[in-house]
């Protein structure tokens with residue numbers, strides 16, 4: 001009896017979490033007439049992919065009507081380098097700070113870590129000016145710089161937590177054999193930190209792909225990442241409100257991180273709990 | 001010749017010894033510049049009379065006076081208070097409930113956990129877009145209930161200035177309660193089974209075991225979950241923009257959207273910097289003691 005109640009409650013919550021996804025998919029496959037005539041929760045009577053096509057390459061985002069496609073590419077061009085750079089530097093940083101504990105390493109770590117928690121509002125204005133001075137205002141490389149810099153605090157944290165659990169024995173032996181800082185890093189440390197690398201890459205990918213604040217503050221029009229474009233598309237007030245196109249666009253914007261989550265959920269969850277500092 | 005080899009060797013040894021610092025220095029310098037330098041700049045600007053352009057003439061607390069005299073800022077603060085209280089309380093309640101239920105050796109636990117957590121993989125913009133559609137008064141939930149036979153049912157929170165803030169809570173709880181569940185579940189899994197068995201042998205029922213024994217042991221998890229959720233709440237920006245755009249009017253403005261509007265739309269740099277500084281101080285008050293205790297714990 002208790003078990004039955006248990007399963008019913010869990011089942012109800014599963015439905016609660018899934019309904020928005022179902023509504024999103026169902027709506028994206030309906031025609032506008034069916035959306036107006038039918039019900040929010042009903043499945044499409046006739047599956048139509050027009051809304052998807054339109055969201056991808058002909059819906060209007062602001063004044064330009066090329067769909068989300070160019071902005072998806074912006075996001076890819078921004079996310080991939082930013083993830084790689086911040087992960088690499090975080091690994092190096094975490095390794096140097098935990099395995100070569102020079103004087104002041106703890107203080108340096110604490111100071112870097114604080115950067116992971118600041119409200120980014122406090123850096124928006126000076127960052128906008130700095131990007132302008134570097135000639136990077138409103139560009140994808142500018143966003144790569146921003147995400148690499150502010151991702152570094154998190155990636156350093158992840159790798160530091162990982163390396164603290166790695167025994168110093170092997171490293172000592174390698175040091176006695178005469179291996180140096182980089183030999184040990186590339187030859188020993190990096191190969192054994194694959195799990196930490198996967199967790200960090202997934203975390204950074206999700207964060208950077210989903211970012212809106214930096215995208216909206218530092219880019220204009222053509223260089224917008226997909227989150228900003230989605231918001232503009234949905235709030236473009238000209239013409240008839242096309243809910244099916246909105247929903248298809250939302251799924252397109254969500255798909256990359258959703259796929260990563262489904263494929264590598266366990267690593268994603270580890271990243272989440274590492275966000276609680278100790279992991 | 002013989003003497004030069006040890007010399008180069010010495011230099012390379014010395015270099016090698018300092019290599020970790022040499023590697024960390026530029027990264028640390030970047031952090032000093034982009035985090036601490038920028039914070040210092042923003043705080044300084046909040047004490048000047050900067051308007052559209054930065055103006056470095058010191059002016060004291062004037063911008064703070066203007067900030068606190070702005071009705072929109074009071075609205076933002078009240079919203080932040082209402083939002084974070086409800087958001088944290090509801091997410092925690094759902095999180096604890098689901099974690100305890102999932103901890104009962106459930107078949108298909110992995111699958112269920114995946115479903116509870118997937119919203120965390122979505123951006124707040126996507127979440128906001130979906131809930132905006134579900135909650136819209138014309139074709140959304142309101143019509144669904146009317147179709148079910150309750151013709152007079154009205155549900156217009158999304159466009160009602162008194163209630164719009166609660167729609168932000170609804171969407172945020174949907175997105176983040178799974179996160180709270182995951183943190184609590186990890187905490188429950190770390191509780192020693194022996195203690196639970198001993199309590200069961202002593203005749204304690206499940207309610208007693210959880211409320212009397214397990215929950216007190218999870219105090220640190222409660223604390224870190226509250227802090228993480230509070231941190232999310234103070235920074236919340238995207239969700240508000242996507243769901244309500246801060247409206248109707250500025251009824252759902254929060255400090256983060258307020259700051260953005262004053263910085264990038266109204267070009268009142270001084271007021272924007274002052275509001276950003278207020279946000280920073282709030283987060284510092286919450287996060288710094290937490291980080292301090294966490295780090296002290298892990299230091300060998």
(request) Check residue A:210 against each of (1) closer than 24 Å to residue A:51 by Cβ; (2) more than 12 Å from the chain's Cα centre (by Cα); (3) buried (at least 21 other Cβ atoms within 10 Å of the Cβ); (4) within 11 Å of chain B (Cβ to nearest Cβ) and name the one condition it does not meet. (result) (2)
(request) Sort through A:67, A:104 and tell me the only one that's on the phi > 0 side of the Ramachandran plot and loosely packed, with under 15 Cβ neighbours inside 10 Å. (result) A:104
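What helices (runs of 4 or more DSSP H), lying completely within the stretch A:171-234, carry at least 3 residues that are closer than 21 Å to residue A:268 by Cβ?
Working: elements: A:181-184, A:194-210, A:213-218.
Here the list reads A:194-210.
Would you call residue B:188 at pLDDT 85 or above, surrounded by fewer than 21 Cβ atoms within 10 Å (Cβ to Cβ) and part of a helix (DSSP H, G or I)?
Numbers: at pLDDT 85 or above: yes; surrounded by fewer than 21 Cβ atoms within 10 Å (Cβ to Cβ): yes; part of a helix (DSSP H, G or I): yes.
Criteria met by residue B:188.
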(request) State all residues of the stretch A:26-44 that are assigned to a helix (DSSP H, G or I) and either closer than 20 Å to residue B:174 by Cβ or within 9 Å of chain B (Cβ to nearest Cβ) (or both); if no residue qualifies, say none. (result) A:26, A:27, A:28, A:35, A:36
(message) Give me the residue from the stretch B:156-172 that is closer than 27 Å to residue A:266 by Cα and more than 10 Å from every other protein chain (Cβ to nearest Cβ) and, out of that set, surrounded by the most Cβ atoms within 10 Å (Cβ to Cβ).
(response) B:172
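Name the residue, out of A:12, A:23, that is more than 9 Å from chain B (Cβ to nearest Cβ), in a helix (DSSP H, G or I) and either free of Cβ contacts under 8 Å to residues at least 60 places away in the same chain or surrounded by 16 or more Cβ atoms within 10 Å (Cβ to Cβ) (or both).
On the way: A:23 fails: more than 9 Å from chain B (Cβ to nearest Cβ).
After applying the criteria, what remains is A:12.
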(request) Identify, by number, the condition in (1) over 21 Å from the mean Cα position of the chain (by Cα); (2) within 30 Å of residue A:221 (Cα to Cα) that residue A:149 doesn't meet. (result) (1)
(request) State all residues of the stretch B:232-260 that are modelled with pLDDT under 85 and within 10 Å of chain A (Cβ to nearest Cβ); if no residue qualifies, say none. (result) B:235, B:245
(message) Of the conditions (1) free of Cβ contacts under 8 Å to residues at least 24 places away in the same chain; (2) outside any loop (DSSP other than H, G, I, E, B), residue B:224 satisfies every one except a single condition; which number is it?
(response) (1)
(request) Select from the stretch B:261-278 the residues that are within 7 Å of chain A (Cβ to nearest Cβ) and surrounded by fewer than 23 Cβ atoms within 10 Å (Cβ to Cβ) and list them in ascending order. (result) B:263, B:264
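For residue A:91, state whether it is surrounded by 19 or more Cβ atoms within 10 Å (Cβ to Cβ), modelled with pLDDT of 90 or more and more than 7 Å from chain B (Cβ to nearest Cβ). Can you show your working first?
Numbers: surrounded by 19 or more Cβ atoms within 10 Å (Cβ to Cβ): yes; modelled with pLDDT of 90 or more: yes; more than 7 Å from chain B (Cβ to nearest Cβ): yes.
For residue A:91, the condition - surrounded by 19 or more Cβ atoms within 10 Å (Cβ to Cβ), modelled with pLDDT of 90 or more and more than 7 Å from chain B (Cβ to nearest Cβ) - is met.
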(request) Of all residues in the stretch B:142-157, count the ones that are in a loop (DSSP other than H, G, I, E, B) and closer than 15 Å to residue B:170 by Cα. (result) 2
(request) Return the pairs, sorted by first residue and then second, in which the second residue is at pLDDT below 75, the first residue lies in the stretch A:261-276 and is within 7 Å of another protein chain (Cβ to nearest Cβ), the beta carbons are less than 7 Å apart, and the residues are 6+ apart or on different chains. (result) A:273/A:279
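Given the stretch B:1-96, what helices (runs of 4 or more DSSP H) lie entirely inside it while holding 1 or more residues that are within 30 Å of residue B:171 (Cβ to Cβ), at pLDDT 85 or above and facing chain A (nearest Cβ under 10 Å)?
Details: elements: B:4-31, B:38-46, B:62-69.
So the answer is B:38-46.
Scan the stretch B:105-123 residue by residue and report those that are assigned to a helix (DSSP H, G or I) and facing chain A (nearest Cβ under 7 Å). Show your work before the answer.
Kept after step one, since they are assigned to a helix (DSSP H, G or I), are these residues of the stretch B:105-123: B:109-121.
Result: B:112, B:114, B:115, B:116, B:117, B:118, B:119, B:120, B:121.
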(request) Being at pLDDT 85 or above and crowded, with 19+ Cβ neighbours inside 10 Å narrows it down to one of A:277, A:263, A:201, so name that one. (result) A:201
(request) Please give the number of the condition residue A:47 fails out of (1) more than 25 Å from residue A:194 (Cα to Cα); (2) assigned to a helix (DSSP H, G or I). (result) (2)
(message) Tell me whether the stretch A:240-260 contains one or more residues that are over 18 Å from residue A:90 (Cβ atoms), outside any helix (DSSP H, G or I), within 17 Å of the chain's Cα centre (by Cα) and modelled with pLDDT of 90 or more.
(response) no
(request) Tell me which of these residue A:110 doesn't satisfy, since it passes every other one: (1) assigned to a helix (DSSP H, G or I); (2) more than 24 Å from residue B:284 (Cα to Cα); (3) within 12 Å of chain B (Cβ to nearest Cβ). (result) (2)
(request) Please state which of the following conditions residue B:139 fails to meet, knowing it meets all the rest: (1) at the interface with chain A (Cβ under 7 Å from one of its Cβ atoms); (2) under 30 Å from residue A:35 (Cα atoms); (3) assigned to a helix (DSSP H, G or I). (result) (3)
(message) I'm told residue B:145 meets every condition in (1) surrounded by 14 or more Cβ atoms within 10 Å (Cβ to Cβ); (2) over 15 Å from residue B:87 (Cα atoms); (3) away from chain A (no Cβ under 11 Å) except one. Can you identify the failing condition by its number?
(response) (3)
(message) Among (1) over 16 Å from the mean Cα position of the chain (by Cα); (2) in a helix (DSSP H, G or I); (3) surrounded by 23 or more Cβ atoms within 10 Å (Cβ to Cβ); (4) free of Cβ contacts under 8 Å to residues at least 40 places away in the same chain, there is one condition residue B:242 misses while meeting the rest; what is its number?
(response) (4)
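The values are calculated or read from the model by the stated rules, or taken from the named source; none is laboratory data. Keep in mind that what you see is a predicted model, and the values were worked out from it rather than measured. Every residue, glycine among them, receives a Cβ derived from its backbone with ideal geometry; neighbour counts consider all protein chains shown.
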